[in-house]
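Data first, discussion second: the structure below is written as structure tokens.
The values are calculated or read from the model by the stated rules, or taken from the named source; none is laboratory data. It should be emphasised that the depicted structure is a prediction, and the values quoted were computed from it without experimental measurement. Cβ placement follows ideal geometry from the backbone for every residue including glycine, while neighbour counts extend to all protein chains displayed. For the accessible areas, the whole protein counts, side chains as well, though only heavy atoms, and no ligand, DNA or RNA atoms are used. Shrake-Rupley method; radii C 1.70, N 1.55, O 1.52, S 1.80 Å.
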Amino acid sequence: MTRDITQRKRRENDALRQAALIKSFLDSATDIIFLKDLDGVYLGCNHELAKYVGRPESEILGKTDYDLSPREVAESFRRYDRQMLEQRAPRRNEEWIVYPDGREVLVDTL
């Protein structure tokens, strides 16, 4: 039984290290990276998305675009999400986004 507990703890620690490594990799990217469920709820994101939204990651996870953006912007994001899901393939889109500091950036989304 002790061996089973030790092996389980080792697997848990390995999984935590792997998750931390992936998070570090995502946060080092200058692109906005996020993961949403089928209902549009944010499950994960990197620092760049947090900068764009103007909130810490802890305030983004569990929220939707409607919670984080003006209605018009949220509807645009959800429309792109729906099209991607309907096509069952990545969808490329160019759009201008505005950061909380007023900076406008042309992004190429996939």
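Could you list, in sequence order, all residues of the range 58-94 that are open to solvent by less than 50 Å² (accessible area, probe 1.4 Å), in contact with a strand residue (DSSP E or B) (Cβ under 6 Å, 6 or more places away or on another chain) and at pLDDT below 95?
Within the range 58-94, 93 is the sole residue that qualifies.
Hey, can you tell me all the residues within the range 21-53 that are part of a helix (DSSP H, G or I), among the small types (Gly, Ala, Ser) and open to solvent by less than 60 Å² (accessible area, probe 1.4 Å)?
Taking the range 21-53 as the starting set, the residues that turn out to be part of a helix (DSSP H, G or I) are 21-28, 47-53.
After this cut, where a residue has to be among the small types (Gly, Ala, Ser) as well, the list is 24, 28, 50.
The answer is 50, and nothing else.
Looking at the range 9-46 only, could you name the residues that are among the small types (Gly, Ala, Ser) and within 30 Å of residue 82 (Cβ to Cβ)? Write out each step before concluding.
Filtering the range 9-46 down to residues among the small types (Gly, Ala, Ser) leaves 15, 19-20, 24, 28-29, 40, 44.
Listed by number, the residues that qualify are 19, 29, 40, 44.
Looking at the range 22-38 only, could you name the residues that are of a type in the set (A, V, I, L, M), touching an Asp or Glu at 6+ places or on another chain (Cβ under 8 Å) and either over 9 Å from residue 48 (Cα atoms) or touching a residue at least 40 places away in the same chain (Cβ under 8 Å) (or both)?
First pass over the range 22-38, keeping only residues of a type in the set (A, V, I, L, M): 22, 26, 29, 32-33, 35, 38.
Restricting the remaining residues to those that are touching an Asp or Glu at 6+ places or on another chain (Cβ under 8 Å) gives 29, 32-33.
Matches in the range 22-38: 32 only.
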